[in-house]
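Asks: Please find one structure pasted underneath; my questions will follow.
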Amino acid sequence: MLLIFLSWIYIFITAKNLGILFTKILKINRCNPVILQVLGLFFYAVISSFFAFFIRIHIEYYVFILCLNILLTYSYRETIKTYWYIVLHAFKHLKIPYKILYLFLFVIILAQSSTMPYLIDNETYYIQTIKWINEFGYVKGLANVHMFLGQNSSWHMLQAGFNFPFLSDFYNDLNGFLFVIFSFLAIEKLSHYSNRENIQDFGLGLILLFSLFFMQFINAPSPDLIVFLITPYIFYLFITKYKNISANDFKIILSLMLFLCLVKVTMVLLSVLVLILFIKNYTILKKDMWPYSFLSITVLGLFIAKNTIISGYVLYPISQIDMVDFDWKAPKELLEFYKLGTYLEGMSNMDVSQLDFFEKVKVWLTLPKLDGLFNKVFVVLLIIFPWIAYKNKDKSSLFIIYILAILQLVLLWFTSPQYRFFFVFVAFLAIQVIVTFIKNKKVGLYLVSMAIVLSAIPVFITINLNAFTNNNFAMALNTFQLKNIIIPEKNTKTETTYTKHIIDDFEFYSPSEDAFFWVTGNGDLPCVNKKQIDYIKYYYNYVPQKRTDNLKDGFKSILVEKIP
């Protein structure tokens, strides 16, 4: 806990300094201190992404950021004093129950961050993505080694910039930091809510009702958590500023939307909200077209360039948009294999290829355990929400978000209908239903307090998750141990030995035979499961190959003779 807390202090200082610089560049004059931190993370992701094309994100980059922090701290010392005054003033004016609740949640998040990661995606590609960035920056054709590595979220870029790879491999706690700062914003909104007045403030505070769910994403750098937390704030701004938005608030919502798109491309639907706000308030916003355009083009350019370098496709894994031709381009057959696997994951890996539409819907709704539960809940919410929106004074903005929820489901239906990809809409719609019937501040505090207390139980008590998941890899949460008060657990829970293999001149490290097909864990680079290499070679006749003798120069896929 202690070492993680110290790393959070470093993240806080860096995000604060870069957030101030970002707001100065964009001339954002008023910004919530928590959102300023998020904007600082966004700016850091953009800066790191740029440098990753040329250098590794390692000790030399950390030295550069340290120097930048010192320079910014000195240059903006008066602004920083004001920032600290605002933060301390906000905490001081929380009522006692809300202070206690926040401090309790802070400790629980810190404890959970010290435990071993739970998410299987951490073992399949999070660790390896970050490791490649730390050691080499962006690597040409990395998707040829492991298709999941082609995603390369900017959230993993951020974690690579905060994990101190030259010191240890247990700093994996960016999500914990994000949840800590956002929880303060949510509790502040809940504390300042006046019964029946600022109802959307109440709704934003109630996002902590899902704390138990969020806690499972804390000890791994999952890009999902920032989507779960920041998207509701974007909805909050869209609803409260729908009829009249200032240029200041528009720059904030545009920046947050671009950040989420850089983190997870499926959030591109949020651009519809930004576009609507811009059109409705064109007269006010048109004078700042240059900063809007420059920021958007910069983010889009980084996204396209990163995809092109890592996979050979400008919009990975969409192979239909095929605009460039490099020798490191991943074969289209492998992209289709990857997309099929992703789709089947949303159907609990059941073969539904021979089923018609209604039969697929039935399978999807009746999936076992949490999958089927959240699928049913989402459908029910989509059915009842029009009535809820109609009774609300913000009906126009709510209906627009409702339409986005439907579009998200349609998009995911053809790609990967996993509940975690639409959970943010489940949470938002559910909260809007709740605040329609419950407007009492004390009831809200009680419900949130109960949710946070429940979220603390799995941190200290081992719980078998057989009732919630069919994934044998994720049957138990890892609990907090006394030793974690000082030193956190390592960044992987994969217990295996790694063996060097050579297949058709491709030299790599593979976990043991009993490891899951996609698992790589924290193996030395390049690391990929031998089962995966053998499978792709047998069924698709492709094997990864280094482009040169230097790993930094990347990989390509070569055709090999078909095995009889």
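The values are calculated or read from the model by the stated rules, or taken from the named source; none is laboratory data. Everything numeric in this text was worked out from a predicted model, so none of it was measured. Cβ atoms come from the backbone with ideal geometry, glycine included; neighbour counts cover every protein chain shown.
Residue by residue, here is whether (1) under 26 Å from residue 17 (Cα atoms); (2) in contact (Cβ under 8 Å) with a residue 12 or more places away in the chain; (3) over 22 Å from the mean Cα position of the chain (by Cα); (4) assigned to a helix (DSSP H, G or I) holds:
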{"position": "71", "(1), (2), (3), (4)": "yes, no, yes, yes"}
{"position": "81", "(1), (2), (3), (4)": "yes, no, yes, yes"}
{"position": "85", "(1), (2), (3), (4)": "yes, no, yes, yes"}
{"position": "90", "(1), (2), (3), (4)": "yes, yes, yes, yes"}
{"position": "109", "(1), (2), (3), (4)": "yes, yes, no, yes"}
{"position": "112", "(1), (2), (3), (4)": "no, yes, no, yes"}
{"position": "122", "(1), (2), (3), (4)": "no, yes, no, yes"}
{"position": "130", "(1), (2), (3), (4)": "yes, yes, no, yes"}
{"position": "171", "(1), (2), (3), (4)": "yes, yes, no, no"}
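Asks: Same structure, new question: From the list 174, 142, which one is aliphatic (A, V, I, L, M) and either closer than 23 Å to residue 267 by Cα or surrounded by fewer than 21 Cβ atoms within 10 Å (Cβ to Cβ) (or both)?
Replies: Answer to the check: 174.
Asks: Considering only the range 349-371, I want to know if a residue exists there that is of a type in the set (S, T, N, Q), outside any helix (DSSP H, G or I), under 27 Å from the mean Cα position of the chain (by Cα) and more than 20 Å from residue 408 (Cα to Cα).
Replies: Within the range 349-371, one or more residues are of a type in the set (S, T, N, Q), outside any helix (DSSP H, G or I), under 27 Å from the mean Cα position of the chain (by Cα) and more than 20 Å from residue 408 (Cα to Cα).
Asks: Taking the range 173-197, which residues are within 21 Å of residue 99 (Cα to Cα) and either of a type in the set (S, T, N, Q) or assigned to a loop (DSSP other than H, G, I, E, B) (or both)?
Replies: Once the filter is applied, which keeps residues that are within 21 Å of residue 99 (Cα to Cα) and either of a type in the set (S, T, N, Q) or assigned to a loop (DSSP other than H, G, I, E, B) (or both), the range 173-197 yields 183, 191, 192, 193, 194, 195.
Asks: Another question, then. How many residues, within the range 305-326, are surrounded by fewer than 16 Cβ atoms within 10 Å (Cβ to Cβ) and of a type in the set (Val, Ile, Thr)?
Replies: Here the count works out to 3.
Asks: Of the residues that sit in the range 103-118 and are surrounded by fewer than 21 Cβ atoms within 10 Å (Cβ to Cβ) and touching a helix residue (DSSP H, G or I) at 6+ places or on another chain (Cβ under 8 Å), which one is nearest to residue 164 (Cα to Cα)?
Replies: 106
Asks: Do we have residue 125 as in contact with a Leu (Cβ under 6 Å, 6 or more places away or on another chain) and under 30 Å from residue 266 (Cα atoms) here?
Replies: Here the answer is yes, as residue 125 does meet what is asked.
Asks: It is to be established whether one or more residues within the range 266-282 are among the small types (Gly, Ala, Ser) and touching a Phe, Trp or Tyr at 6+ places or on another chain (Cβ under 7 Å).
Replies: No, the range 266-282 contains no residue that is among the small types (Gly, Ala, Ser) and touching a Phe, Trp or Tyr at 6+ places or on another chain (Cβ under 7 Å).
Asks: Going by the conditions given, is residue 111 over 30 Å from residue 189 (Cα atoms) and of a type in the set (Gly, Ala, Ser)?
Replies: Here the answer is no, as residue 111 does not meet what is asked.
Asks: Looking only at residues that are out of contact with any helix residue (DSSP H, G or I) (no Cβ under 6 Å at 6 or more places or on another chain) and part of a helix (DSSP H, G or I) in the range 304-333, which one is farthest from residue 133 (Cα to Cα)?
Replies: 332
Asks: For the range 311-326, which residues satisfy the criterion of being touching a residue at least 12 places away in the same chain (Cβ under 8 Å) and under 26 Å from the mean Cα position of the chain (by Cα)?
Replies: The answer is 311, 312, 313, 315, 316, 317, 319.
Asks: What number of residues in the range 432-449 are touching a residue at least 12 places away in the same chain (Cβ under 8 Å) and surrounded by fewer than 14 Cβ atoms within 10 Å (Cβ to Cβ)?
Replies: Going through the range 432-449 one residue at a time, the tally reaches 1.
Asks: Now for a separate question. Residues of the range 513-526 being surrounded by fewer than 14 Cβ atoms within 10 Å (Cβ to Cβ) and farther than 18 Å from residue 543 by Cα, which ones?
Replies: 513, 514, 524
Asks: Considering only the range 37-60, I want to know if a residue exists there that is of a type in the set (S, T, N, Q) and either without any contact (Cβ under 8 Å) to a residue 12 or more places away in the chain or more than 24 Å from residue 168 (Cα to Cα) (or both).
Replies: yes
Asks: Name the pairs: first residue in the range 157-169 and at positive phi, second residue assigned to a helix (DSSP H, G or I) and among the polar types (S, T, N, Q), Cβ to Cβ under 8 Å, at least 6 apart or on different chains?
Replies: Every condition considered, the pairs that remain are 164/7.
Asks: Across the range 119-137, which residue is nearest to residue 57 (Cα to Cα) among those that are surrounded by fewer than 24 Cβ atoms within 10 Å (Cβ to Cβ) and of a type in the set (Phe, Trp, Tyr)?
Replies: 136
Asks: Would you mind finding the one in 298, 240, 283 that is free of Cβ contacts under 8 Å to residues at least 24 places away in the same chain, surrounded by fewer than 19 Cβ atoms within 10 Å (Cβ to Cβ) and out of contact with any strand residue (DSSP E or B) (no Cβ under 9 Å at 6 or more places or on another chain)?
Replies: Being free of Cβ contacts under 8 Å to residues at least 24 places away in the same chain, surrounded by fewer than 19 Cβ atoms within 10 Å (Cβ to Cβ) and out of contact with any strand residue (DSSP E or B) (no Cβ under 9 Å at 6 or more places or on another chain) holds for just one of 298, 240, 283, which is 283.
Asks: Let me ask another. Could you identify the single residue in 133, 187, 181 that is over 20 Å from residue 38 (Cβ atoms) and not acidic (Asp, Glu)?
Replies: Testing whether each residue is over 20 Å from residue 38 (Cβ atoms) and not acidic (Asp, Glu) leaves just 133.
Asks: Same structure, new question: Take residue 482 and decide whether it is modelled with pLDDT under 85, crowded, with 17+ Cβ neighbours inside 10 Å, more than 30 Å from residue 199 (Cβ to Cβ) and aliphatic (A, V, I, L, M).
Replies: Against the criterion (modelled with pLDDT under 85, crowded, with 17+ Cβ neighbours inside 10 Å, more than 30 Å from residue 199 (Cβ to Cβ) and aliphatic (A, V, I, L, M)), residue 482 does not qualify.
Asks: Now for a different question. Are any residues in the range 459-472 in contact with a Ser or Thr (Cβ under 9 Å, 6 or more places away or on another chain) and either at pLDDT 90 or above or of a type in the set (Phe, Trp, Tyr) (or both), and if so, which ones?
Replies: 460
Asks: Against the conditions (1) under 27 Å from residue 413 (Cβ atoms); (2) more than 20 Å from the chain's Cα centre (by Cα); (3) among the polar types (S, T, N, Q), where does residue 308 fall short? Just the number, please.
Replies: Of (1) under 27 Å from residue 413 (Cβ atoms); (2) more than 20 Å from the chain's Cα centre (by Cα); (3) among the polar types (S, T, N, Q), only one is false for residue 308: (1).
Asks: Looking at 502, 452, 533, which one is among the aliphatic types (A, V, I, L, M), over 21 Å from residue 126 (Cβ atoms), at pLDDT 90 or above and surrounded by 14 or more Cβ atoms within 10 Å (Cβ to Cβ)?
Replies: The unique qualifying residue is 452.
Asks: Among the numbered criteria (1) of a type in the set (A, V, I, L, M); (2) closer than 15 Å to residue 123 by Cα; (3) in contact (Cβ under 8 Å) with a residue 60 or more places away in the chain, which one does residue 551 miss?
Replies: (2)
Asks: Quick one: what pairs do we get from the range 342-368, first residue over 23 Å from residue 517 (Cβ atoms), second part of a helix (DSSP H, G or I) and small (Gly, Ala, Ser), C-beta under 7 Å, 6+ apart or different chains?
Replies: As it stands, the answer is 365/372; 366/372, since those pairs meet every condition given.
Asks: Does residue 271 count as part of a helix (DSSP H, G or I), surrounded by 15 or more Cβ atoms within 10 Å (Cβ to Cβ) and of a type in the set (Gly, Ala, Ser)?
Replies: Values: part of a helix (DSSP H, G or I): yes; surrounded by 15 or more Cβ atoms within 10 Å (Cβ to Cβ): yes; of a type in the set (Gly, Ala, Ser): yes.
When the stated conditions are applied, residue 271 passes them.
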